[in-house]
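Scroll down for the structure; my scribbles are underneath it.
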Amino acid sequence: MEYVVYLRKSRADLEAEAHGEGETLARHRQILDRVASQLRLTIDRVYEEIVSGETIAARPVMRRLLEEVEQGIWRGVLVMEVERLARGDTIDQGIVARAFQLSGTKIITPLKIYDPQNDMDEEYFEFGLFMSRREYKTINRRLQRGRVSSVREGKYVGSLAPYGYEREKLHSDKGFTLKPNPEQAEVVRSIFGWFTGGETNASQNLSEIARRLNTLKIPAAEGGQWLPSTVRALLQNPVYTGKLRWGFRPQKKTIQKGSISITRPQIPCEQWMVTDGLHIPIITEELFQKAQGLLHQKCKQNHTTRLKNPFAKVMVCALCGQSMTRRPQKQGTPFLICTTPHCKNVGVSMEAMEIVLQQALEYWFGGWRIPTDAGGNTNDKIATEERRAIQLRRQTLLRQKERIFMFLENGVYTPELFRVRLQSIECKLKDLPGDVAFQKVKNDTATERQEIQTVCELYRTLPDARSKNLLLRTLFQKIEYQKEQAGRWHISPSNFTLVLYPKLPPKQLDH
């Protein structure tokens, strides 16, 4: 049981390397080797953290080191500064301090040796972690302000260039801009032309464009297949008109099962910061606005169409994880298919899926007994949840409507873009159902309350696909579907596999 070296780069180290000051970890290793030689310490292992994470959860090498410290494997850890061990929040700092204190592991730096079991050293160690956290926040705020300032100046601050462009270093200034990639830029013009109709006035939808690009063997941005969502994201990006957007997918932290989860949800476009860039546009502003109008129009059509797939966002492909999509047939029952290109999962008819799913409901939830009036209550709850969601949607749209007026007054929106956004929001407000529709659902389900006794019976008596979908999303986290063999006549329609992930235990009886 001897000593271990822990090496990790900080943001300041990365900036120093960018200015040609040499490789950081190698310099730190030399310094700590001299410290170990002076103190006559034996180094048994060296850990190098090559990722710069804010939390312990994002640093796998640090997690491994902490496990060994908690087990009392090492007498001490050599590190350049105590701040290299933990710069996260107070929880992470407490985990580090407790691990070293309870195990009696020393922290050895070129300036000082910390003994966590010594009261003075413990206080100095905790104070050092606190100050490092403050320094981290200060540096992060300065970096964010610098990025926003660069975007306002028209510089591109992203690490990856959008499809159609390449990053280019500015010759007379710090930072980067974009230059068109000739081959990809032509693909971008074709996509906008196909979607808006171009000279033929025969526009193609997102799925048709994705299939056309894949048929032409044109790789997507990262070399993969084109998807309708990829095409939509490209059409919504104002970078192709010579502009830059910032803050369209801000980082959001949530707590899931006691750990921090980071997501990047896309926010409404009226909340983006859009500025003029230094790069050359690929398409005109008029063509871009025409594409946005078509996107909003088709989005409105999709929202006004009633949900027809009761398995939406519940049933996923077991091979690729894509949500199963309902595809209507010219003759016969609709099919459930996986729309991922080249996915080998075979589709199944909605009729066969309904039969097998009801058997699964009866098997898993057959022991659940719903009270005599619970059927109506369940549907009332569904209607109440829908009402609450639509009220929240209406409030969000009204706030968006106020913001677009503010953006027009501040010069962020052009009059043309303002009219497009205002018309889109007013159409969405108009399409939201009112209280009369919910009262009708409540009255229609009141007559069914005496007949519902089990979950399976409740599923069969629900009036439409939307109600069934809400029930399935309440009962299951997800349902994985897989079918390996195709064939309509010589293979049983029910020859497929479902893997259920229920939220409730099986055969629970009411008392």
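The values are calculated or read from the model by the stated rules, or taken from the named source; none is laboratory data. These figures come from a predicted structure and were not determined experimentally. Virtual Cβ from ideal backbone geometry, glycine too; neighbours counted across all protein chains shown.
Descriptive notes on the structure:
Residues checked against (1) touching a residue at least 24 places away in the same chain (Cβ under 8 Å); (2) in contact with a Cys (Cβ under 9 Å, 6 or more places away or on another chain); (3) in a helix (DSSP H, G or I); (4) surrounded by fewer than 13 Cβ atoms within 10 Å (Cβ to Cβ):
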residue	(1), (2), (3), (4)
Glu208	no, no, yes, no
Leu213	yes, no, yes, no
Ala220	yes, no, no, no
Leu244	yes, no, no, no
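- Checked against the criterion of being of a type in the set (A, V, I, L, M, F, W, C), modelled with pLDDT of 70 or more, more than 16 Å from Gln271 (Cβ to Cβ) and part of a helix (DSSP H, G or I), the candidates Leu398, Leu422, Leu429 yield just one match: Leu429.
- Restricting Val96, Val79 to residues that are closer than 22 Å to Thr42 by Cβ and touching a helix residue (DSSP H, G or I) at 6+ places or on another chain (Cβ under 8 Å) narrows the list to Val79.
- Single condition Asp115 does not satisfy, out of (1) crowded, with 17+ Cβ neighbours inside 10 Å; (2) touching a residue at least 12 places away in the same chain (Cβ under 8 Å): (2)
- Number of the exception - Arg449 against (1) charged (D, E, K, R); (2) modelled with pLDDT of 60 or more; (3) in contact with a helix residue (DSSP H, G or I) (Cβ under 6 Å, 6 or more places away or on another chain): (2)
- One residue stands out among those in the stretch 145-190 that are closer than 24 Å to Arg212 by Cβ and touching a residue at least 40 places away in the same chain (Cβ under 8 Å): the one that is surrounded by the most Cβ atoms within 10 Å (Cβ to Cβ), which is Gly164.
- Neighbours by Cβ (under 6 Å, 6+ apart or cross-chain): first from the stretch 398-414, outside the structural domain of Glu270 (by TED's automatic domain parsing) and at negative phi; second at pLDDT below 75 and assigned to a helix (DSSP H, G or I): Gln400/Glu270; Arg403/Glu270; Ile404/Glu270; Tyr413/Phe407
- Taking every residue in the stretch 26-43 that is assigned by TED's automatic domain parsing to the domain that holds Ile113 and pairing it with any residue that is among the charged types (D, E, K, R), at least 6 positions away or on another chain, the pairs with Cβ-Cβ distances below 6 Å are Thr42/Glu2.
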